[in-house]
Amino acid sequence: MKGPWRVCRLDRGWSTLLAADGSTTRVRNIGADVAVGDWVQISPDGERVDAVLERQSALTRRASFEGARAESHTLAANIDHVLLLHAVNSEINPRRVERELVLAYDSGATPVIVLTKCDLADGLPPTDSRQLLGADLDVPLHLTSAVTGEGVDELMKYAEGGKTIAVLGASGVGKSTLVNRMVGREVQRTADVRESDQRGRHTTVAAELVSLPNGGWFIDTPGVRAVSLWTDGSGIRKAFADVFALADQCRFGDCVHEDEPDCAVRDAIESGGMSSARVVALKRLQAEQHALAEEQREREKSEDRRGFRRRRKPN
């Protein structure tokens, strides 16, 4: 069967694949490292995924299922933009936004912050990264409402030219409602959120590739409660570009911004130009990434001692 095919849905060992002509087929993917958005070749008998083509980008976090140790979980592959969704009718956590920015940058795609449910906003929502994070970052920020349609046309532009956008956010932020609005019909089931904490139920149970009217693609993902890092890429440096720019001005190259003399970062904190919480968050993420790298190395050593490595599928 001619290909390549694109993975549009995964279900417990099965992949639903999409062909260039719009037709679909369902094949086994046991043993294949596949994610929604991947391009794959299938076996001559049309029964299974035979090879996964090299990814141009991949939104990957540390697996959060019980017992997972140094295992990766790819939420979406071959994406151009990652929409980081946060609802304005509940308190936005800057620390979660920072983590999501790290994941998005490490994926190789471009992050876009999207504030949803603006029709329910109690007061004026943030309009830029300085208001949201206390940092002037080159990250687009859009105010949207899937109910009124505010800002939806601007988001659609990110998918023009056949591009793929993925969405990342917790349950209850309006991901499914937004994709329904963008597609122009109900393709994802929605549910109410709890009044007590504005948390929602996981109405999206599996990542799915959905076609958009402008020829682009949208990957909706299940609500992500734990935003755990995975790759040791440039995501942290990009997400905290303001802190690193100041750190370059410190007297010592290995300054940890505590009690060293001529520390530009600490001077900025003391003058009110930077939040101490943001610097603390950076240090925590760096420590987490270092610990993960050590755990991965120890796992590889352990597998070497036992005489095997986990078999990798060709890209």
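For ALA51, the residues 5 or more places off, or on other chains, whose built amide H falls under 5 Å of its own are GLN41. Rounded to the nearest 5, the antiparallel percentage of DSSP beta bridges internal to the chain is 60%. Farthest towards the positive end of the charge dipole of the chain, among the residues GLY216, ASN29, VAL139, is the Cα of ASN29, using unit charges on the Cβ of Lys, Arg, Asp and Glu. GNM, the chain, Cα, under 10 Å: largest mean-square fluctuation among ARG305, ARG130, ARG48? Its mean-square fluctuation being the largest, the pick is ARG305. In terms of other Cβ atoms within 10 Å, ASP259, ASP80, ASP128 run from fewest to most in the order ASP259, ASP128, ASP80. Stretched out straight at 0.36 nm per residue, the stretch from SER23 to VAL183 would grow longer than its current Cα-Cα span by 55.7 nm.
With N set to the number of residues, divide the alpha-carbon radius of gyration of the range 5-52 by 2.2 N^0.38 Å and report two decimals. Please list the in-between numbers first.
Numbers: Rg = 9.2 Å, N = 48, 2.2 N^0.38 = 9.6 Å.
Compactness ratio reported: 0.96.
Comparing mean-square fluctuations of ILE42, ILE113, ILE219 from a GNM of the chain with C-alpha springs under 10 Å, the top value falls on ILE42.
Name the GluC sites (Glu not before Pro) in the range 128-185 that are in a loop by DSSP and that have at most 15 other C-beta atoms within 10 Å, would you? Don't skip to the answer; put the middle values down first.
Numbers: sites: GLU150, GLU154, GLU160; in loops: GLU150, GLU160.
Here the GluC sites (Glu not before Pro) that fit, given the DSSP loop and packing criteria, are GLU150, GLU160.
In the chain, the sites counted are chymotrypsin sites (Phe, Trp or Tyr not before Pro) in DSSP loop states with at most 13 other Cβ atoms within 10 Å, and the longest stretch holding none of them, exclusive of the sites, is 66-251.
Sorted from longest to shortest, the spans of the Cα atoms of the range 4-138 along the three principal axes equal 59, 38, 25 Å.
Give, rounded to the nearest 20 debye, the magnitude of the charge dipole that the chain has about its Cα centre when Lys and Arg contribute +1 at Cβ and Asp and Glu contribute -1 at Cβ.
It works out to roughly 1400 debye.
A simple rule links phi to the HN-Hα coupling: the Karplus curve 6.51 cos²θ - 1.76 cosθ + 1.60 with θ = phi - 60°, which for the range 77-92 gives 10, 6, 10, 9, 9, 10, 8, 9, 9, 9, 7, 7, 8, 9, 5, 8 Hz, with x for Gly and Pro.
Rule-based calculations on the coordinates, nothing more; no lab input. Just so you know, these numbers come straight off a predicted model, no measurement behind them. Here Cβ is always computed from backbone atoms with ideal geometry, including for glycine, and neighbour counts include all displayed protein chains.
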